[in-house]
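Below is one structure, written out as structure tokens, with a few remarks after it.
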Amino acid sequence: MNTRHIAVAAGLLVLVAGCALCLGTPFVPPQKLLGPTGADAVVVAELRLPRLVLALVAGACLGAAGLVLQEALRNPLAVPEMLGVSSGAALGVAAPLVLAVALPAAVQPLLAIGGALLGGGLTLLAAGLGRGPAAVLLTGAAVAAALQAGLLVLMVLADQLDLQLIYRYLLGSLSARTWDDVTGLWPWLVVAVPALLLCAPVLAVLRLGDDDAQALGVRAGRARVGALFVAVVLIAPVVAVCGPVAWVGFLAPHLARRLHPDATAVGWLPWAAAYGALVVACADLPARLALAPTETPVGAWTALLGVPVGVAMLRTRGRGRDGRHGDEDRTTGMTGRAPDGTAQPTALAPADGGVRS
């Protein structure tokens, strides 16, 4: 890794962390962060620090999961929000709340994982177990829309108080989160991180295309199912705690590819996690402070940041070095034409939508 990039990322992290711990009501001077006393100690240690840690962990999980999905499907638009994963997890958590089913907090990640597996599994099954990247993405959009319709039905059935809670949850919020919420994520990370490390080399093979992956001994369909499971274990516990924080899984992988163009899927993975953590931590600052004392959902700010920046990066990455687009269809990751005029997958189609020279 480039030491300059590491130094810049570390500097940004220190700056964002300092702002997150100092800014707000009451303001805590930076010199008191190392030894806060009295009310400042309670504000920093019990309110702002767990929220900051949760923002960093959630962003890292969502960024890594976004890269896994994009590389496994060889499509730069493959994000949790468009594959039914986030919507399924949100539905699993919101349904017991509306139906007044009393469940312990420890069960919520299980419900989120079940809902995410339902949404992602339906997507892969309906698309033929992931045999075509374009089919998976289009089917995922349909599954996500159906699950979101189910969430809307729940919102109609909810009373006013539950409706406010569900609405804030569905936008993604870090409000009133404590150390209990942070510690609830660690058991799932113990499972997800080793699985992610095992999955990373397979992503580099899937990036070559199904035919080349098969020649190297990797079954593309099964590998995509495994990648989906890893992404679900990363996404669902975060959604259970914070709600579906939008577009982090889209923006962070593109930042990793754009800022580190010479890396591989294995090299992009830690950078996607790091940029995801920074994106959520940065977005939480205006979420807390922009309309103070009223807090706004952090997911609204990540969407406001992620959509225009992501579209701008896709437009610039969609051009070759000479400024021309070439023959590849970057929306679907397909290239070439069969005799009947349909697009065919290519073993060399890059996941980031760029053109290989």
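The values are calculated or read from the model by the stated rules, or taken from the named source; none is laboratory data. Computed from a predicted model, the values in this text were never measured in an experiment. A quick note on method: Cβ atoms are made from the backbone with ideal geometry, for glycine too, and the neighbour counts reach across all protein chains shown. Accessible surface areas use protein heavy atoms only, side chains included; no ligands, DNA or RNA. Shrake-Rupley method; radii C 1.70, N 1.55, O 1.52, S 1.80 Å.
Helix-only arithmetic for the chain: the sum of -39500 (n - 2.57) across DSSP H runs with n ≥ 4, divided by the residue total, places the mean residue ellipticity at 222 nm at -21500 deg cm²/dmol.
Taken as Cα centroids, the range 79-122 and the range 172-210 sit 16 Å apart, rounded to the nearest whole angstrom. Along the axis of the charge dipole computed for the chain (Cβ charges of +1 for Lys and Arg, -1 for Asp and Glu, origin at the Cα centre), the listed residues T296, V218, G18 are led at the positive end by V218. Seen through its C-alpha gyration tensor, with square-root eigenvalues sorted a ≥ b ≥ c, the range 187-247 comes out prolate because a/c lies at 1.5 or above while a/b is bigger than b/c. When only the Cβ of Lys, Arg, Asp and Glu is charged (+1, +1, -1, -1), the dipole of the chain relative to its Cα centre reaches about 680 debye. Residues of the chain were split at every exposed loop site, defined as trypsin sites (Lys or Arg not before Pro) in a DSSP loop with at most 15 other C-beta atoms within 10 angstrom, and the longest piece left, sites excluded, is 1-130.
By accessible area, using a 1.4 Å probe on protein heavy atoms only, the chain has 69% of its surface on carbon and sulfur. Translational diffusion coefficient of the chain (Stokes-Einstein, Kirkwood radius from Cα pairs, 10 °C, 1.306 mPa s): 76 µm²/s.
In terms of Cα atoms, the Rg and Dmax of the range 22-80 work out to 17.8, 53 Å. Using a simple charge model, +1 on the beta-carbon of Lys and Arg, -1 on the beta-carbon of Asp and Glu, nothing else, what dipole does the range 1-132 show about its Cα centre, in debye to the nearest 20? The calculated dipole for the range 1-132 is roughly 200 debye. If you run the Gaussian network model on the chain, springs between alpha carbon atoms under 10 Å, then out of L52, L197, L255 the most flexible one is L197.
For the chain, with the dipole built from +1 on Lys and Arg beta-carbon atoms and -1 on Asp and Glu ones, taken about the Cα centre, which of A263, G38, A112 lies farthest toward the positive end? Working it through, the farthest residue towards the positive pole turns out to be A263. Placing unit charges on the Cβ atoms of the charged side chains and taking the dipole of the chain about its Cα centre, the candidate lying farthest along the positive direction among G92, C282, A176 is C282.
With each label modelled as a point 7 angstrom along the Cα→C-beta vector, the L197-A45 pair spans 3.2 nm. Applying 0.36 nm per residue to the separation of M155 and Y167 and subtracting their alpha-carbon distance, the gain on full extension is 3.5 nm. Among residues other than W179 with Cβ under 11 Å from its Cβ, the summed charge is -1 (Lys and Arg +1, Asp and Glu -1). Solvent-accessible surface of the chain, averaged per residue with a 1.4 angstrom probe and all protein chains in place: 46 square angstrom.
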